[in-house]
Protein chains: 2
Amino acid sequence: MTEHRHIGRSVPRPEGPDKATGRARYIHDLERPGMLHARVLHSAHAHARILNIDTSRAERLPGIKAVITADNTPELRVGFLRDNLALKKGKVRQFRDEVAAVAATDPDIAAEAIALIRVEYEPLPAVFDPEEALLPGAPLVHEFDPRGKPLASNRIKLAFPHVSGDVEQGRQQARHVVEGAYSSQMQQHSCLGTSGCIAEFDLHGNLTLWAKTQIPFLAQKDFLGAMPALGLRGRNVRVVVPEMGGAFGSGLDTHPYEFISILLAWRTGRPVKMLYDRQQEFAYLPPRQSARTRISQGCDANGRLTFRTVDVLQDNGAYVSWGATYPSVMMVPVTSLYRVPNVQFGATLVYTNNPYCQAMRGYGSPEVTWAIESNLDELAQAAGIDPLEIRRINCNQPGETTPMGLKVSTCGLRECLDNAAAKVRWNEKRGQGRSRGVGIASLCHVGGSGRIYRSDGTGLVLKLDDFGNVNVLSGGVEIGQGFRSALTLGVAESLGVLPEKVFVAPTDTATCPWDVGTHASRGAFTSLNAAAMAAEKARKRIFELAVELFPGLVAKQRRKLLKRNPELSLSDFDPRTCTAEDYELRDGVLFIEHAPDEPWLRLGLDRFLRAIHFRDGGEMLTVEAFYEPPSELPDWTVGRGNLSATYAYGAHAVEVEVDEETGEVHILRLVASHDVGRILNRQTLEGQIYGALAQGVGLALYEDVLTQSGRVLNAGFTDYKIPTAREMAFPIELDFVETHDEFGPFGAKGVGEPGLVPTAPAIANAIYDAVGVRIRDLPITPEKLLAALEEKRGRC
Amino acid sequence: MTEHRHIGRSVPRPEGPDKATGRARYIHDLERPGMLHARVLHSAHAHARILNIDTSRAERLPGIKAVITADNTPELRVGFLRDNLALKKGKVRQFRDEVAAVAATDPDIAAEAIALIRVEYEPLPAVFDPEEALLPGAPLVHEFDPRGKPLASNRIKLAFPHVSGDVEQGRQQARHVVEGAYSSQMQQHSCLGTSGCIAEFDLHGNLTLWAKTQIPFLAQKDFLGAMPALGLRGRNVRVVVPEMGGAFGSGLDTHPYEFISILLAWRTGRPVKMLYDRQQEFAYLPPRQSARTRISQGCDANGRLTFRTVDVLQDNGAYVSWGATYPSVMMVPVTSLYRVPNVQFGATLVYTNNPYCQAMRGYGSPEVTWAIESNLDELAQAAGIDPLEIRRINCNQPGETTPMGLKVSTCGLRECLDNAAAKVRWNEKRGQGRSRGVGIASLCHVGGSGRIYRSDGTGLVLKLDDFGNVNVLSGGVEIGQGFRSALTLGVAESLGVLPEKVFVAPTDTATCPWDVGTHASRGAFTSLNAAAMAAEKARKRIFELAVELFPGLVAKQRRKLLKRNPELSLSDFDPRTCTAEDYELRDGVLFIEHAPDEPWLRLGLDRFLRAIHFRDGGEMLTVEAFYEPPSELPDWTVGRGNLSATYAYGAHAVEVEVDEETGEVHILRLVASHDVGRILNRQTLEGQIYGALAQGVGLALYEDVLTQSGRVLNAGFTDYKIPTAREMAFPIELDFVETHDEFGPFGAKGVGEPGLVPTAPAIANAIYDAVGVRIRDLPITPEKLLAALEEKRGRC
């Protein structure tokens, strides 16, 4: 199928109206009978021994149903390495550590009870700089690993090394070598919908959790892990996902607050709701982790890259989340953005007493791309090559296998670069002076899921009914990205029905088939592939049955038509000679491809489904499929393996004007050209890229979770600046390159994350073109820019 | 499989604790954001022309969001024959006719608004007796049929005639003939959970209805039928079924109140909740319809039945519900309870201005069994044969095909009769005098679904997960009967897992596969058959994969065991030679049937499912099945066809004592012997029979919806007497005959209804044995009994 009826159009998302009018029900809107409200007491220190917790006054408060601490509850281990506890025991390691929690009949009573809990601490020396944390004698954040083995340092035992080719030889082959250190900050996910959950046990001890999660089935597994400690081994957990106001990676982990809610529900025997407000979300929930990247790249006289080395120092804060696996995805651009024969990559993950961090959109890719693409401009300058040209010279090509073992099925990078450059009028605007300049940067990211778990699969069920409607059960999560829209269009296209007859069921582990999670830009990619498999099963059965039933049904239609109007001239076409291959289903109409185009030879799918349902030995079509992408779980000891079924490429080009008086950066134009494989729904695709660009601009210029000795200073949108319509009021041009990937559903690649990956280096490169200073530390604030300009003037 | 692990045990139902502790959420507990509360204004007359409805004062009441009448809303036709309107136009035909409705922010405001609506009526002559309603010149309840064709009489154009053999010849062959007329009353369903619904449109115009229904998918179809009138053709309807506090047939129809809620939701754009309280439920919702049955039966000198004629006059009230198809099921005992070669059956359905009626548990079977089994005692007496003996003589036999064409696969009637008689000590207690006596009566009912719709099927999906849990999606409804328990045990047994690992999902047309409805005692029968089909698919796949994966997995277990304890003596069994047929799954453990019983040769299903999930090209098992019972849609023009896959039989025996001073009947012992095919869960089976016996005793002695000129006089449990623990405080003996039906799941038959079918005639027969008077008009009240005793004394 190359002609699509629905794929590639620009249509509103199905849930849009309900969200726009406040009908959609988020976790905030949910209530359960007899529900209690929970609140958490967080640490007052970045690092301290807990000497005593006095909960007596809190317990006496009327309306309080439970006050829990590590002392009176089973120990529940949380997090990617299980190095975190739902409630902290012995000591606290960060300001956001959960020390006690309460459940009350009313949220205000819960807050009051929290204020009545007295904790005696003995402050301990703390460490807030990841490099200092690695020094001998630095305060140990964790003295023991989760198994009780003593730890000698703050270095986290997770490594993702990669060496390919001969880096030393590559260095020797280089005519030009540039080294640099680039750093990126903590960034808030800034979901419009803050975090929360409801935990409820039934009287058999089975747990239901209404959770704001991107990974309902991995979350189910995590929560199941808590059941034995509660004496509920073998009981089940059901995870229900309400409507979500954004996630951006914040829903990739299960969180202490969820386990605390479980403990409170278990203790009280009642449903318990935990809700974070904006200030609490900033102060107590993990943001994107900061990174310090050292890079060196070299090229020969022709500008061909001969080697690249990248070393990342990642400040994990006090605990390890899934974000600690960032290096696995960082390795994609490090090894495979542009052709580099000799590559070395290493990552060092460190505990500090900073707030612990989590994955965020891009999953390490923006962090290393910031280094690679800033440094590449410096290399181009050193080599005297135009920055656009050096990228074209080293451009990836379809069909190549990269040093990491990524199999590049399709690659539109060259076209993205050319389109972005053309649209930003690269040749005209480059080096134009008057504090204006242009910059460009590329990206390479997983575009066909990313295998970070033993299964990278997704299940899907299609249920067809007597009315021609199709109910879809999928484990994928609509997190605001347009998943439902893509799935609706994909099912409609694959099956041959109208999108308005397709209904995606709410996400619920009790009814939806398994899916590893909505991350790695994989939602549409995997679910639409699963949908195509399921739809094919349904079509096969429909066409088989059509051979048997269609002729009789249309003969009846023919008789009816002729009875109504005997004058009618109808062809004598006899469908009884047709085979299953002759039939086609399109937009809910069943017909024979080569038959005359007459109304009596067309059958509504609803009518046909009723015919197969209501005949003797009838049936109703319910079909299922489980799609596992053709990707590999890389061997992380050497950093090799085809992590994703396909890869997304793109390039951002930016024109900026720098106000040299104030240090402010004004973006004059932003062009985002993306190899999306194939557009599924232009409207939601554009929405996804616009949103990502705002987050990319925020990462580049504005956003920064500021801490002082481990305490968040800017908890809230008043002090933490995200780009709003005012900051984004410059011309944005989107450009989509369709490479029709063989593995993609309808040729599409995942595009959830790419939109923010190269924005920051493109801006930094444009700033350099405009005013000749390079900022290597995100965000590029007026203060940093003014200081650099001053320094430059000093040098001149 | 004949040895069952879980089937046949006695275990509590899974949802029991949540129901017992008030955690289960009924329609009463549900809320939706922005929800309005609806209320209906009902007619003030049994028959009247509506001259004017003044809603102006109601509309001005603060908090009122809509006031609707037939004049300002689209016409929505309701009911089995579509002869009813959601809101009545032109005239009212019964006291419960819906004339206007309101939606308000608060239920009290809604009630106040209703009181402010002024309706001007012109009363019309009304008819309340079904026989009078058939006389020429009787007031016409409907002047036109739904298509606008004039009607000449109150006779409803639905007929279920049956003639087999030669009735006249049978009459001539008879040595003894007894004729009689028997009547039964309107009976309230008396669900502990009263009726209600919530209707809500999304902004695309798709409707969700939370409904107290037994037929979610037929209800979906009915509600879809309303969409075109609302300008929403092609939009979808989703029906969600909350926990239900009983149904007993009240959920077999869609009701005007549901369509009114839809109209109000459509008009206001907000969710609308309609809830009936106990008084309203009695006054405004349809009970079991009353019937007048004329019967004549004859037997030869040996007591063999030679013929039977039955004519039923059914008072439908003002409108036709699904209850109008009662005669289709009445035909089962009329033609097939005992062997009768010559049978004639006819039913006359009549409109009156009485409250309209609906189906209730037993679906006509109790009504005609009341006549057949009372009359048979009279025939036995005429023939001088013991009532038990005449039943044994004419007993049905397995393998026979009855005059209606019912194929009797198994039949335990003879054993039920014998067991009931033995347990009530028939020979000892019969004719004992002292106002004490015993009676017996039998039943024959559909036991393998009952085909009343073009499809009699049910779909089912099993979803197996990494933890060995099984999620079940079924369209069947738990109405309090124990459906979830039966399904849980059936899935566990068929698949080979523990029942506590099986979870039945909530009933929702958006996620569950199609099912025709939970009626005709079919829930467990069809769903467990579907479960067996689906389980077989899963087992087949598991055993196929076991051949490939099991040997490696257990070899690993073996190595681990030996590593831990090298002394261990383990067999050298090599599973690599085993085929798929050698594997077995039992209680969640996968093993090889003929292998040594050693722990390393056993694999938890969870572990195995993870192995197939996490291997290359992994999969997760989701299987579906659609079961269509081997029954026939009878040809109703001649009343022939094998309505059900199998048939349930049974006999009740009762010992009573009559207080000849007060006319009160005291039951001393009640024995219920039922051919259940196979016990699924003894506990829920007993619960179902106990409950049915109470309804049977209520029908026999207490319950009666009293009306005067069409107005219900006893709306509420104060004036309408249902048997409580006090009335049921006599010894009840249950006896289950297991005939292992070939079509039944594990041999089981449907038993939801049979428990109340023969109770009333058994009691009436016992009363006759005790005091020599026969009451032919239910319920057998002290008044009727005293009058009969007095008349008898007068005769003596």
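Expressed in whole Å with the largest first, what are the equivalent ellipsoid semi-axes of region A:38-95 derived from the C-alpha gyration tensor as the square root of 5 times each eigenvalue?
Numbers: eigenvalues 96, 41, 20 Å².
Value: 22, 14, 10 Å, ordered largest first.
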Using all Cα-Cα distances in region B:525-662, what percent lands in each 10 angstrom bin from 0 up to the longest? 9, 27, 20, 13, 12, 9, 6, 3, 1
How large is the direction-averaged shadow of the alpha-carbon convex hull of region B:623-774, in nm²? 13.9 nm²
Among residues of chain B, the one whose beta-carbon sits nearest the axis that rotates B onto A, given with its distance in integer Å, is B:511, 2
Using each residue's phi in region A:94-102, evaluate 6.51 cos²θ - 1.76 cosθ + 1.60 at θ = phi - 60° and report the 3J(HN,Hα) Karplus result to the nearest Hz, with x for Gly and Pro. 6, 5, 8, 5, 7, 9, 8, 8, 9
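How big is the charge dipole of region B:402-443 about its Cα centre, in debye rounded to the nearest 20, if each Lys and Arg gets +1 on its Cβ and each Asp and Glu gets -1 on its Cβ?
On the way: 8 positive and 3 negative charges, 45 e Å.
About 220 debye.
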When we measure straight from the Cα of residue B:91, which lysines land under 20 angstrom away, once same-chain ones fewer than 8 places off are left out? B:149
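Compute the orientation-averaged projected area for region B:472-561 from the convex hull of its Cα atoms and round it to one decimal in nm². Working shown, then result.
Numbers: hull surface 29.0 nm².
The Cα convex hull of region B:472-561, projected and averaged over all directions, gives 7.2 nm².
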With each label point set 7 Å from Cα along the Cα-Cβ vector, what nm distance links residue A:389 and residue A:192? 4.6 nm
Area buried, chain A against chain B - accessible surface, total, 1.4 angstrom probe, square angstrom: 4500 Å²
Quick one: putting +1 on the C-beta of Lys and Arg, -1 on the C-beta of Asp and Glu, what dipole do you get for the protein assembly as shown around its Cα centre, in Debye to the nearest 20? 140 debye
Probe 1.4 Å, heavy atoms of protein chains only: per residue, the accessible area of region B:571-634 in Å² is 44 Å²
Any idea which of A:105, A:720, A:507 is furthest toward the positive side of the dipole for chain A, if Lys and Arg beta-carbons carry +1 and Asp and Glu beta-carbons -1? A:105
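Go through B:721/B:784; A:221/B:537; A:212/A:501; B:157/B:784; A:19/A:212; A:19/A:721 and tell me which ones have a Cα-Cα distance over 23 Å in this structure. Show your work: numbers first, answer last.
Details: B:721/B:784 16 Å; A:221/B:537 26 Å; A:212/A:501 28 Å; B:157/B:784 34 Å; A:19/A:212 16 Å; A:19/A:721 25 Å.
Over 23 Å apart, Cα to Cα: A:221/B:537; A:212/A:501; B:157/B:784; A:19/A:721.
Ratio of alpha-carbon Rg to the 2.2 N^0.38 Å globular estimate for region B:98-153, to two decimals, please.
Numbers: Rg = 17.4 Å, N = 56, 2.2 N^0.38 = 10.2 Å.
In units of the globular-protein estimate, region B:98-153 measures up at 1.72.
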Considering only the other residues whose Cβ falls under 15 Å of the Cβ of residue A:361, what net charge follows from Lys and Arg at +1 and Asp and Glu at -1? -2
Probe 1.4 Å, protein heavy atoms only - accessible area per residue of region B:24-83 in square angstrom: 46 Å²
If you take every DSSP beta bridge fully contained in the protein assembly as shown, what fraction is antiparallel? Give it as a percent rounded to 5. 75 percent
Candidate aspartates and glutamates - alpha carbon under 12 Å from residue B:88, same-chain residues fewer than 8 apart omitted: B:71, B:75, B:97, B:98
So, in nm, how far is label residue B:105 from label residue B:666 when the simple model puts each one 7 Å beyond its Cα toward the Cβ? 6.0 nm
With +1 on the Cβ of every Lys and Arg and -1 on the Cβ of every Asp and Glu, the dipole magnitude of region A:78-168 about its Cα centre, in debye rounded to the nearest 20, is 440 debye
Hydrodynamic radius by Kirkwood, which averages 1/r over all alpha carbon pairs of region B:28-160, in angstrom: 16.5 Å
Using a label point 7 angstrom from Cα along Cα-to-C-beta, what distances in nm, from shortest up, separate residue B:541 from the other copies? 1.3
Just to be sure I understand the interface: list residues from region B:507-524 that lose 30 Å² or more of accessible area between the chain on its own and the complete protein assembly, 1.4 Å probe. B:510, B:511, B:514
Two-site label geometry, residue A:179 and residue A:279: point separation in nm, points 7 Å out along Cα→Cβ: 4.7 nm
Between copies, how far does the label point of residue B:59 sit from its twins, in nm, shortest first, when each point is 7 Å from Cα along Cα→Cβ? 6.3
Order A:418, A:508, most accessible first, counting only protein heavy atoms with a 1.4 angstrom probe. A:418, A:508
With no solvent term and unit scatterers on the alpha-carbon positions of the protein assembly as shown, Debye gives log₁₀ I(q)/I(0) at q = 0.05, 0.07 Å⁻¹ of -0.50, -0.90
How far, in nm, would the chain grow between residue B:544 and residue B:300 when pulled straight, counting 0.36 nm per residue and subtracting the alpha carbon separation? 81.6 nm
Place a label point 7 angstrom from the Cα of residue B:533 along the Cα-to-Cβ direction, then list the residues of region B:447-485 whose backbone nitrogen is under 12 Å away. B:456-461
Would you list, by chain and number, the aspartates and glutamates whose Cα falls below 14 Å from the Cα of residue A:463, excluding same-chain residues fewer than 8 positions away? A:536, A:606, A:619, A:624, B:508, B:515, B:624
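So what is the calculated 222 nm ellipticity per residue for chain A, using -39500 (n - 2.57) for each DSSP H run with n of 4 or more, over all residues, to the nearest 500 deg cm²/dmol?
Numbers: 19 runs with 222 residues, N = 796.
When only DSSP H runs of four or more count, the value is -8500 deg cm²/dmol.
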Residues hit by the 30 Å² burial cutoff in region A:223-251, accessible area with a 1.4 Å probe, assembly against chain on its own, are A:224, A:234, A:236
Treating the point 7 Å from Cα along Cα-beta-carbon as the label, what are the nm separations from residue B:615 to the other copies, to one decimal? 3.7
Stokes-Einstein diffusion coefficient for region A:331-399 at 4 °C in a medium of 1.567 mPa s, Rh from the Kirkwood formula over Cα pairs: what value in µm²/s? 91 µm²/s
Of all accessible surface on the protein assembly as shown at a 1.4 Å probe, what whole percent is carbon and sulfur? 49 percent
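Can you tell me how much longer the chain between residue A:71 and residue A:428 gets when fully stretched, taken as 0.36 nm per residue apart minus their C-alpha distance, in nm with one decimal? Each step should come with its number before you reach the end.
Working: separation 357, 0.36 × 357 = 128.52 nm, distance 6.84 nm.
Length gained between residue A:71 and residue A:428: 121.7 nm.
Does chain B classify as rounded, prolate or oblate by the C-alpha gyration tensor (a ≥ b ≥ c root eigenvalues; a/c under 1.5 gives rounded; else a/b over b/c gives prolate, otherwise oblate)? List each step's numbers first, then the result.
Working: a/c = 2.07, a/b = 1.21, b/c = 1.71.
The shape class here is oblate.
The values are calculated or read from the model by the stated rules, or taken from the named source; none is laboratory data. Note that the structure is predicted; figures quoted are calculated from it, not measured. Here the Cβ is made from the backbone with ideal geometry for all residues, glycine too, and neighbour counts use every protein chain on show. Only protein heavy atoms, including side chains, enter the accessible area calculation; ligands, DNA and RNA are left aside. Shrake-Rupley method; radii C 1.70, N 1.55, O 1.52, S 1.80 Å.
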